[in-house]
Amino acid sequence: MGFKCPERKGVADFLQEVTSRKDQKQYWARVDEPYRFVPVKDFVSAFRSFHTGRAITNELAVPFDKSKSHPAALTTTRYGVSGTELLKANIDREILLMKRNSFVYMFRTFQLILMSFISMTLFFRTSMKRDSVTSGGIYMGALFFGVLMIMFNGFSELALTVFKLPVFFKQRDLLFYPAWAYAIPSWILKIPITFIEVGGYVFITYYVMGFDPNVGRFFKQYLLMLAINQMAASLFRFIGGAARSMIVANVFASFMLLIFMVLGGFILVREKVKKWWIWGYWISPLMYAQNAISVNELLGHSWDKILNSTASNETLGVQVLKSRGVFPEAKWYWIGLGAMLGFTLLFNALFTLALTYLKAYGNSRSSVSEDELKEKHANLNGEVLDNNHLETHGPSGISTGNDSAVVEDSSPVKRGMVLPFLPLALTFENIRYSVDMPPEMKTQGVVEDRLELLKGVSGSFRPGVLTALMGVSGAGKTTLMDVLAGRKTGGYIEGNISISGYPKKQETFARVSGYCEQNDIHSPQVTVYESLLFSAWLRLPGDVDLNKRKMFIEEVMELVELKPLRDALVGLPGVNGLSTEQRKRLTIAVELVANPSIIFMDEPTSGLDARAAAIVMRTVRNTVDTGRTVVCTIHQPSIDIFEAFDELFLMKRGGEEIYAGPLGHHSSELIEYFEGIHGVGKIKDGYNPATWMLEVTTTGQEQMLGVDFSDIYKKSELYQRNKALIKELSQPAPGSSDLYFPTQYSQSSITQCVACLWKQNLSYWRNPPYNAVRFLFTTVIALLFGTIFWDLGGKMSQSQDLFNAMGSMYAAVLFIGVMNCTSVQPVVAVERTVFYRERAAGMYSAFPYAFGQVVIELPYTLVQATVYGVIVYAMIGFEWTAPKFFWYLFFMYFTLLYFTFYGMMAIGLTPNYHIASIVSSAFYAIWNLFSGFIIPRPKTPIWWRWYCWVCPVAWTLYGLVVSQFGDVVTPMDDGTLVKDFIEDYFDFKHSWLGYVATVVVAFTLLFAFLFGFAIMKLNFQKR
């Protein structure tokens, strides 16, 4: 074929590059013939005519004789063991997982017990009278809340199911076991936990709330609650299994809960359900639960008194049941219990079917630029592309000699780099870094208080010199780099670090240094070009104008070969967007556009194949040739990559240096140093010096030879040379001055706010899973409520009509609010990790980030509130006057806002998204209880009344009810005016409307402020 593998080149790397259009030319070996590109097709046909290729073709031409196979090689059963064995294995695994996940179950039980204490002190028997139909309504509220609590308790099944699905799908497709063997244990084994959780609620609350003191009814309530809990858990398991992704599952689960709750017969009584929705009433599991539990209580002995025989002969219990639209017959308890068990079996069967027939979501692909696509097509068809768009890149041979490759590679670089920078040297002497001794090690008998990770390390990094920081895993490479770059958030640092002779100050150092982290963290919804624009905007000095900035970005993109990908979205790692290698180059570019003098790179080639690593290293080499100081930690490099470095700083496990100095041509100086140590074996020809060096310096080798490499280094001439160099570089050059910047950040606070808002705006606009789903969900709920509560807004003849209208407000506020709260959390959690990196890089302070995140929600929530408000207001038929309509929109808007900001605040105050969702959900239940719908404020015992004034949902309902009905002077059927009834029953005064509005706005501001405060003061990133 005419190509030759150079002497010091790995064969695998050579084979990869010789078929690549950009790298082929450098291996052409026929001097007498001019080079032309050899396409992949030619390699294929040459292999087929070669003797190896012909031998394979001949071997495959003879058909296989089946009679030669051994009978044991054939399987006759679908699974490896019998069904009972499969079930046993799955049961054992499920038990193990439940033990490991015990925190979730303990927390759920704790949450239920906590709620049971709150609700039993709220519905306390001394203040729970049995003297009127209204007081019966309070009992119904207490029962409804109990059912809701038990139902919501199953919600965590959703996340537990979805997280386990990827493993399940993999094992199912490899025929480990059938779906039923997985589904049965996940249902049956949770039943004992149900007994404990539900017992915690029912046993604590039953007598304290003053339910009917008959032991039979007590156990009947316990049994029903068990069935409800099982039904809810199976429902959420089924939704998780059918949705297969957290975002979809959350939306569907909220949706099902909403329909079940609104049509469950408590929020809207049966007589008022429209005929087109009555089927929803009959299929709602909550309806059967609510009916059964109400009948069980209200047909009891305490309720069989007749209040006023002239008005009605029915007992008080029956009157209450009828007023709430419940069937007043005892058989409804058993119907309800049967329905619960039926639903449990149905949902578990559906869960098993979903697991059997649904496939996992497909895995994603990374972005491909147009050039790459053209190249792939050309390779397949054997065409030769015109060279103009390929010749812009120099050859990929990373060379350190004086051959043409370097000249070709660096000529465009020398021409460019519009912005001047100050070359800086970094020296460090006697660096020690220690952390508090981990408790695990103390229990094993370690007496010291601190664990030392770096033990007196010294060295220097100079401009225009590419230094490799190497050592075995656990030697402290990344630790040293974090200490030098000022990225450590904890621990104790001792020693001197100086920048060109002046002591290092982190505030100024962050402005002249760049740090490329190992895990490439970028905002997923912005493009490559926008990421660079954002970084340059915030990090270049204010006197660099826009045109210069853009020219500089173009230059950097050329340098890191990102031009073809400029409009590609970054995406989430491993999910979508850029490939690992493209991300690495973006990480380097984001730091380069800040025009730093010193750049730290943490393992820039880890996780890349040889070709991708070569591209990244070419980028790094180009950067050094502009005269910057670059340090890379590196793990198992190939020969070419290793020899692209000028100097090596080698550490051994325990954090001590054992070599710091030049590599030399073909690593000659390094090899000479180690071969000079008595007992170290010689390196074989063509062997990778990096691998050899790590092999001969292991702890095992030290013990065999009876030497300490760190001592040998400290006694060497090399060490003395380094000491002298450090001393020389630690003196400021004559006429130089210390780094000084008038402000901590290169841009003013206003510019930082504008830039953060600009980026958030792009991120939100390109995030349909968050925003489109939110709008769709809101619109569907609005239409749903509109049709369910059709034309109920104008009816006010009975108190139940007002409760129905209030029910629509209550359900909407709670559901859309909670959905906003849960859906904003993953978005903010991802952005917060990016914020940690960008703040550490000195791009902006915490305030502009929080400002951008809060302000971008305002227009989106406004659209959401308006869509909901207009649809629902019109369909439910509230009174059409401008003030009432705008009050309705006003309260909906600020309520959705404070829910969204509450979700953000939960993320800000907790280390990760999972803990945030658990903590925030604990408050949904409490807000639900004190909202004033289940039990009005005047009926709340005096010791809980303060919380009604602290609960934001209560203020929202106050505002919504009082703005619609607080000034209505129409008399109801029994002669009371609507406004008087609202004042007596709820204690809602129309004159307070202004105060209520102020408080709702105050909650919004409070949560937004707490989010910003948490982002500013708390740092959950441990380094």
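The values are calculated or read from the model by the stated rules, or taken from the named source; none is laboratory data. Since we're looking at a predicted model, the values are computed, not measured. Cβ coordinates were reconstructed from backbone atoms using ideal geometry, including for glycine residues, and neighbour counts include every protein chain displayed. Keep in mind that these areas ignore ligands, DNA and RNA; they rest on the heavy atoms of the full protein, side chains included. Shrake-Rupley method; radii C 1.70, N 1.55, O 1.52, S 1.80 Å.
Quick look at the values:
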| item | result |
| --- | --- |
| Failed criterion for SER710 (all others in (1) touching an Asp or Glu at 6+ places or on another chain (Cβ under 6 Å); (2) surrounded by 13 or more Cβ atoms within 10 Å (Cβ to Cβ); (3) modelled with pLDDT under 90 hold) | (3) |
| Test: residue in segment 887-905 that is touching a residue at least 40 places away in the same chain (Cβ under 8 Å), among the polar types (S, T, N, Q) and crowded, with 22+ Cβ neighbours inside 10 Å | yes |
| Residue, most open to solvent (accessible area, probe 1.4 Å), within segment 323-336, restricted to residues that are in contact (Cβ under 8 Å) with a residue 40 or more places away in the chain and not aromatic (Phe, Trp, Tyr) | ILE335 |
| Subset of segment 280-322 [open to solvent by 50 Å² or more (accessible area, probe 1.4 Å) and small (Gly, Ala, Ser)] | SER309, ALA311 |
| Residue in segment 591-604 that is out of contact with any Ser or Thr (no Cβ under 7 Å at 6 or more places or on another chain) and polar (S, T, N, Q) present | yes |
| Test: residue in segment 252-269 that is over 21 Å from MET149 (Cβ atoms), open to solvent by 20 Å² or more (accessible area, probe 1.4 Å) and at pLDDT 90 or above | no |
| Subset of segment 282-337 (residues that are at pLDDT below 95 and of a type in the set (D, E, K, R)) | GLU297, ASP304, LYS305, GLU314, LYS322, ARG324, GLU329 |
| Residues located in segment 46-66, provided they are within 18 Å of MET1 (Cβ to Cβ) and out of contact with any helix residue (DSSP H, G or I) (no Cβ under 9 Å at 6 or more places or on another chain) | SER49, PHE50, HIS51, THR52 |
| Qualifying residue in segment 24-37 (condition: closer than 30 Å to LEU380 by Cβ and of a type in the set (Gly, Ala, Ser)) | yes |
| Segment 621-635, residues that are out of contact with any Ser or Thr (no Cβ under 7 Å at 6 or more places or on another chain) and open to solvent by 10 Å² or more (accessible area, probe 1.4 Å) | ARG621, THR626, GLY627 |
| Helices (runs of 4 or more DSSP H) wholly inside segment 223-301 containing at least 2 residues that are of a type in the set (Ser, Thr, Tyr) | 285-298 |
| Residues of segment 518-540 satisfying the condition of being open to solvent by 10 Å² or more (accessible area, probe 1.4 Å) and modelled with pLDDT of 90 or more | HIS522, PRO524, GLN525, THR527, TYR529, GLU530, SER531, LEU533, TRP537, ARG539 |
| Candidate set from segment 955-973 (those that are open to solvent by 10 Å² or more (accessible area, probe 1.4 Å) and out of contact with any strand residue (DSSP E or B) (no Cβ under 8 Å at 6 or more places or on another chain)); member that is farthest from GLY994 (Cα to Cα) | ASP973 |
| Top-ranked residue in segment 171-209 [being open to solvent by less than 10 Å² (accessible area, probe 1.4 Å) and not in a helix (DSSP H, G or I); ranked as nearest to LYS88 (Cα to Cα)] | TYR206 |
| Some residue of segment 751-764 being open to solvent by less than 20 Å² (accessible area, probe 1.4 Å), assigned by the TED database to the domain that holds SER963 and either without any contact (Cβ under 8 Å) to a residue 24 or more places away in the chain or not in a helix (DSSP H, G or I) (or both) | no |
| Count - residues of segment 456-479 that are within 29 Å of the chain's Cα centre (by Cα), of a type outside the set (Lys, Arg) and surrounded by 22 or more Cβ atoms within 10 Å (Cβ to Cβ) | 2 |
| All positions within segment 867-881 that are surrounded by fewer than 14 Cβ atoms within 10 Å (Cβ to Cβ) and either at pLDDT 95 or above or of a type in the set (Phe, Trp, Tyr) (or both) | TRP880 |
| Number of positions in segment 135-155 that are under 27 Å from the mean Cα position of the chain (by Cα) and either modelled with pLDDT under 90 or not assigned by the TED database to the domain that holds GLN290 (or both) | 4 |
| Any pair with Cβ under 8 angstrom, 6 or more apart, that starts in segment 865-879 at a residue that is at positive phi and ends at one that is aromatic (Phe, Trp, Tyr) and surrounded by fewer than 21 Cβ atoms within 10 Å (Cβ to Cβ) | GLY877/TRP790 |
| Segment 983-1022, subset under 20 Å from the mean Cα position of the chain (by Cα) and surrounded by 17 or more Cβ atoms within 10 Å (Cβ to Cβ), residue nearest to PRO938 (Cα to Cα) | PHE1011 |
| Residue that is farthest from ALA612 (Cα to Cα), among those in segment 11-56 that are among the small types (Gly, Ala, Ser) and open to solvent by 60 Å² or more (accessible area, probe 1.4 Å) | SER49 |
| SER67 vs. criteria more than 51 Å from the chain's Cα centre (by Cα), over 26 Å from ASN688 (Cα atoms) and without any contact (Cβ under 8 Å) to a residue 40 or more places away in the chain | yes |
| LEU862 vs. criteria at pLDDT 95 or above, open to solvent by 40 Å² or more (accessible area, probe 1.4 Å) and assigned by the TED database to the domain that holds VAL773 | yes |
| Given (1) under 30 Å from ASN1019 (Cα atoms); (2) in contact (Cβ under 8 Å) with a residue 40 or more places away in the chain, index of the condition TRP955 fails | (1) |
| Given (1) in contact with a helix residue (DSSP H, G or I) (Cβ under 6 Å, 6 or more places away or on another chain); (2) surrounded by 17 or more Cβ atoms within 10 Å (Cβ to Cβ); (3) among the polar types (S, T, N, Q), index of the condition SER367 fails | (1) |
| Matching entry among PHE891, PHE847 (being at pLDDT 95 or above, of a type in the set (Phe, Trp, Tyr) and under 30 Å from the mean Cα position of the chain (by Cα)) | PHE847 |
